[in-house]
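The values are calculated or read from the model by the stated rules, or taken from the named source; none is laboratory data. What you see is a predicted model; the values in this text were computed from it and never measured. Positions of Cβ are backbone-derived with ideal geometry, glycine not excepted, and every protein chain shown enters the neighbour counts.
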Amino acid sequence: MIGHGPGPEVRESLAGLGEQFAQEELRSSARILIMLSLGVNQRLSFSTLLELTHCAKGSLSYHLKQLEGAGLLQTSMVFTFGGPRVVADITEKGRTQYRGLIDELRRLPGPGEHSAAVPS
Amino acid sequence: MVPKSFQEEDTAEPLDLRATARSALRFERGFLRRRWAAYYALWGVTVLSYYLFPYLFDLTPFAQLPFGVQFAVDASLDVVLTFAALTASIRIWGLSERTFDLRIATEGRRPMTRPANLLRYLLVAVVLGGAIVLSTRSASAAYLIGDTVLAVLSIFLLRHLGRAFRPVPTEGWVAAGAYLIAAVSSYVSLILLRYPVGHLLAWGTAAVIWLGCAVYARFRTHDEPPEGS
């Protein structure tokens, strides 16, 4: 017997995800990780982002430039007790993007829902 | 375990989003413990400044200054530290809420409860404190109201720890436990024993334990159980 395939909610979720990932700036799991972490923390230093992504410095700079170019975050130099530091702050557009990612995460079908959609 | 490395252009597949969010949460746990360490340290020093600093001042040349100057310096220090601790509290509670939101989204759930409302908690504390003072007609009214506020805030603290961490780390249980024990023993000392010094001892001990929790959290973030285990 053939099943009905994914339900409308799953199709809507996958369509939403497709839209999110169609954007150049989010076509990388490192950049998504940066956006998710920045969404939670609002501001992170370059060294913390290195620790988070395990990227090389050059790679991380590239990812930050891409995200900054898209207006999702803003980098700046701040002076702390430990010396000058580069920090990334999430922008309003970045917050909207983050909320979109959170919504997609909520709607993403779990493994159980996936198998339920498989033809029996 | 944080993935070895995220490559420059590893195109994310739709189902990678959940795995990436889990990586963010694993990282967040260690990061959040360090932030909570600062919170414990700041509140520990602030509570000590209320009770201990005036006595410490007596041991220094500061004691030679006129009483008015001593009082002004002590009060200013209390105000600055309290302001810093409250600012840190608001930040850490917000951060805990956002971490909670990301976690439940990763699990595909929506929040079932609203974030704790500090004003509601404070209102309950003031009403309770007032009722206790009226019923006991205690001379230590200020202490009793203060203790009620702190006891109710301990519930607020536990709630935020529970939302920030899964599972709550050792120092979180110790800090919250010390706080609750201080609030209860302070009550017992004031209401039953009518012994105000017990209040100082209870909160002084809790402050020292919080400083210990801060050191532990700062330097023991490597022996983490994985998020959700």
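A residue that is at pLDDT 80 or above and under 20 Å from residue B:92 (Cβ atoms) cannot be found anywhere in the stretch B:146-155.
For the structure I just gave you, tell me whether residue B:63 is more than 26 Å from residue B:38 (Cβ to Cβ) and in contact with a Lys or Arg (Cβ under 7 Å, 6 or more places away or on another chain).
Details: more than 26 Å from residue B:38 (Cβ to Cβ): yes; in contact with a Lys or Arg (Cβ under 7 Å, 6 or more places away or on another chain): no.
No: the conditions fail for residue B:63.
Evaluation of residue A:73 against the conditions (1) facing chain B (nearest Cβ under 8 Å); (2) modelled with pLDDT of 85 or more; (3) surrounded by 21 or more Cβ atoms within 10 Å (Cβ to Cβ) shows that the sole unmet condition is (1).
For the stretch A:50-65, enumerate the residues that are more than 10 Å from chain B (Cβ to nearest Cβ) and of a type outside the set (A, V, I, L, M).
Here is the first cut: in the stretch A:50-65, the residues more than 10 Å from chain B (Cβ to nearest Cβ) are A:50, A:57, A:61, A:64-65.
Answer for the stretch A:50-65, where residues must be more than 10 Å from chain B (Cβ to nearest Cβ) and of a type outside the set (A, V, I, L, M): A:57, A:61, A:65.
In this structure, does residue B:52 turn out to be in contact (Cβ under 8 Å) with a residue 60 or more places away in the chain and touching a Gly at 6+ places or on another chain (Cβ under 7 Å)? Spelling it out, residue B:52 is indeed in contact (Cβ under 8 Å) with a residue 60 or more places away in the chain and touching a Gly at 6+ places or on another chain (Cβ under 7 Å). Entry remark, the stretch B:72-85: residues being more than 17 Å from residue B:51 (Cβ to Cβ) and surrounded by 14 or more Cβ atoms within 10 Å (Cβ to Cβ) number 1 in total. One residue alone among A:104, A:113 is modelled with pLDDT under 95, in contact with a helix residue (DSSP H, G or I) (Cβ under 6 Å, 6 or more places away or on another chain), within 13 Å of chain B (Cβ to nearest Cβ) and within 21 Å of residue B:104 (Cα to Cα), and that residue is A:104. Restricting the stretch B:144-166 to residues that are of a type in the set (Lys, Arg) and in a helix (DSSP H, G or I), the residue that is farthest from residue B:182 (Cα to Cα) is B:163.
Restricting the search to the stretch B:196-229, which residues are modelled with pLDDT under 70, surrounded by fewer than 16 Cβ atoms within 10 Å (Cβ to Cβ) and not in a helix (DSSP H, G or I)? Explain how you work it out, then say what you get.
First, pick out the residues of the stretch B:196-229 that are modelled with pLDDT under 70: B:196, B:221-229.
Add one more test, that the residue is surrounded by fewer than 16 Cβ atoms within 10 Å (Cβ to Cβ), and what stays is B:196, B:222-226, B:228-229.
Once the filter is applied, which keeps residues that are modelled with pLDDT under 70, surrounded by fewer than 16 Cβ atoms within 10 Å (Cβ to Cβ) and not in a helix (DSSP H, G or I), the stretch B:196-229 yields B:222, B:223, B:224, B:225, B:226, B:228, B:229.
If we keep just the residues of the stretch A:69-98 that are free of Cβ contacts under 8 Å to residues at least 12 places away in the same chain and part of a helix (DSSP H, G or I), which is nearest to residue B:22 (Cα to Cα)?
Filtering the stretch A:69-98 down to residues free of Cβ contacts under 8 Å to residues at least 12 places away in the same chain leaves A:77-84, A:92, A:96.
Restricting the remaining residues to those that are part of a helix (DSSP H, G or I) gives A:92, A:96.
On the way: A:92: 24, A:96: 20 Å.
In this case the residue turns out to be A:96.
Hey, among A:38, A:49, A:60, A:44, which residue is part of a helix (DSSP H, G or I), in contact with a strand residue (DSSP E or B) (Cβ under 7 Å, 6 or more places away or on another chain) and free of Cβ contacts under 8 Å to residues at least 60 places away in the same chain? Explain how you work it out, then say what you get.
Numbers: A:38 fails: free of Cβ contacts under 8 Å to residues at least 60 places away in the same chain; A:60 fails: in contact with a strand residue (DSSP E or B) (Cβ under 7 Å, 6 or more places away or on another chain); A:44 fails: part of a helix (DSSP H, G or I).
Sole residue among the options that is part of a helix (DSSP H, G or I), in contact with a strand residue (DSSP E or B) (Cβ under 7 Å, 6 or more places away or on another chain) and free of Cβ contacts under 8 Å to residues at least 60 places away in the same chain: A:49.
Criterion first (away from every other protein chain (no Cβ under 14 Å) and either in a helix (DSSP H, G or I) or modelled with pLDDT under 90 (or both)) does residue B:89 satisfy it? It is true that residue B:89 is away from every other protein chain (no Cβ under 14 Å) and either in a helix (DSSP H, G or I) or modelled with pLDDT under 90 (or both).
Based on what the data block shows, is residue A:60 surrounded by 21 or more Cβ atoms within 10 Å (Cβ to Cβ), in contact with a Phe, Trp or Tyr (Cβ under 6 Å, 6 or more places away or on another chain) and at pLDDT 90 or above?
Working: surrounded by 21 or more Cβ atoms within 10 Å (Cβ to Cβ): yes; in contact with a Phe, Trp or Tyr (Cβ under 6 Å, 6 or more places away or on another chain): no; at pLDDT 90 or above: yes.
In short, no.
Restricting attention to the stretch A:1-53 and to residues that are loosely packed, with under 14 Cβ neighbours inside 10 Å and of a type in the set (A, V, I, L, M, F, W, C), the residue that is modelled with the lowest pLDDT turns out to be A:1.
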